[in-house]
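Okay, so here's the structure we're looking at.
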Amino acid sequence: MRRRPKVTYANRLQLALQTLCLEEMGREVQGTDVYFAGHRRRVEVALTDADFARTEEAVARTRRLIGASQAPEPPDDDGRCQWCSHVSVCLPSEHRYENARRRVVASAPDAQILHAATAGSRVSLSSGRVEVTKAGERLLSVPIERVLGLVVHGNVDVSSALLRVVLARPVRGVVLVVRSSDRLVSGRGLSQWTSAGAPACCQRRGAAGHCPADGLSKDREPGDAAPAQR
């Protein structure tokens, strides 16, 4: 909701269209206004000759588009596309056009991908189990060993302890994916054991004498805490 009620170009265009239709039907229009339900306020709009001229031009342009044999080019980064119900038809969605990347995975893995899609819920780690709760109610509780990866959909809270355990597991590939409420991918997290994660860990832990790409140090095991750095 806007901070204050503001009459937009689309509002003036709609009022002019309604006025022209009523006058064509023989009705007399004494005034026009817009009621903003969120603010509970009615704002009067005084239409000008320029508004009617733009409206008639919009009607003529619409008729030309309907009668044309070829559809117009889609708008480029237009704010109206975000709220349009035909955006998936007009603009392309996210697709991978390059060759599919083959991954070596187990034919029947014991673990599965956990999708956290309940808005307002919290995903946390408790006694070696992944628990999903909302408003004090437990929605799901599974052992951490059964979780291969985590996909977060929309407004879901994930504890830092669970993120640390999931990202530290020696699993190849993407183990954390964050998607927005409109199903677009916002980001992803890679384990330190992947080809992209190991160099980053080497840069961060090089001073401590430990690098996952070169193998574990003799006095540490997978999952042990990293040595404190000053």
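Here, each number is a calculation from the coordinates, and none is a lab measurement. Computed from a predicted structure; not experimentally measured. Ideal geometry is used to build each Cβ from the backbone, glycine not excepted, and the neighbour counts take in all protein chains shown.
Can you run phi through the Karplus equation (6.51, -1.76, 1.60; θ = phi - 60°) for the range 56-62 and list ³J(HN,Hα) in whole Hz, with x for Gly and Pro?
3J(HN,Hα) across the range 56-62, in whole Hz: 5, 5, 5, 5, 5, 5, 5.
Which residues' amide hydrogens lie under 5 Å from the amide hydrogen of Ser126, considering only partners 5 or more residues apart or on another chain, with H built in the peptide plane?
Excluding prolines and chain starts, which carry no amide H, the hits are Glu131.
What residues qualify as long-range amide H neighbours of Val45, i.e. H under 5 Å apart, gap of 5 or more or another chain, H built at 1.01 Å from N?
Thr32, Asp33, Val34
Along the range 68-81, what does the Karplus equation 6.51 cos²θ - 1.76 cosθ + 1.60 (θ = phi - 60°) give for ³J(HN,Hα), rounded to whole Hz, x for Gly and Pro?
With coefficients 6.51, -1.76 and 1.60, one gets 6, 7, 10, 6, x, 5, x, x, 9, 6, 8, x, 5, 5 Hz.
Using modelled amide H (1.01 Å from N, peptide plane; none on Pro or chain starts), what sits under 5 Å from the amide H of Arg188, excluding residues fewer than 5 places away?
Residues meeting the criterion, in which the H sits 1.01 Å from N, are Val178.
Going by a ≥ b ≥ c, the root eigenvalues of the Cα gyration tensor, does the range 1-79 fall in the rounded group (a/c under 1.5), the prolate group (a/b larger than b/c) or the oblate group?
oblate
Calculate one ³J(HN,Hα) per residue across the range 5-21 by plugging θ = phi - 60° into the Karplus curve 6.51 cos²θ - 1.76 cosθ + 1.60, and present them in order as whole Hz with x for glycine and proline.
x, 10, 7, 8, 4, 5, 5, 5, 5, 5, 5, 5, 4, 5, 5, 4, 5
Work out, step by step, the length gained on full extension between Ser160 and Ser124: first 0.36 nm times the residue separation, then minus their alpha carbon distance; give nm to one decimal.
12.2 nm
Say each of Gln18 and Leu139 gets a label point 7 Å from the Cα, pointing the same way as Cα to Cβ; how far apart are those two points in nm?
Distance between the two pseudo-spin positions: 4.0 nm.
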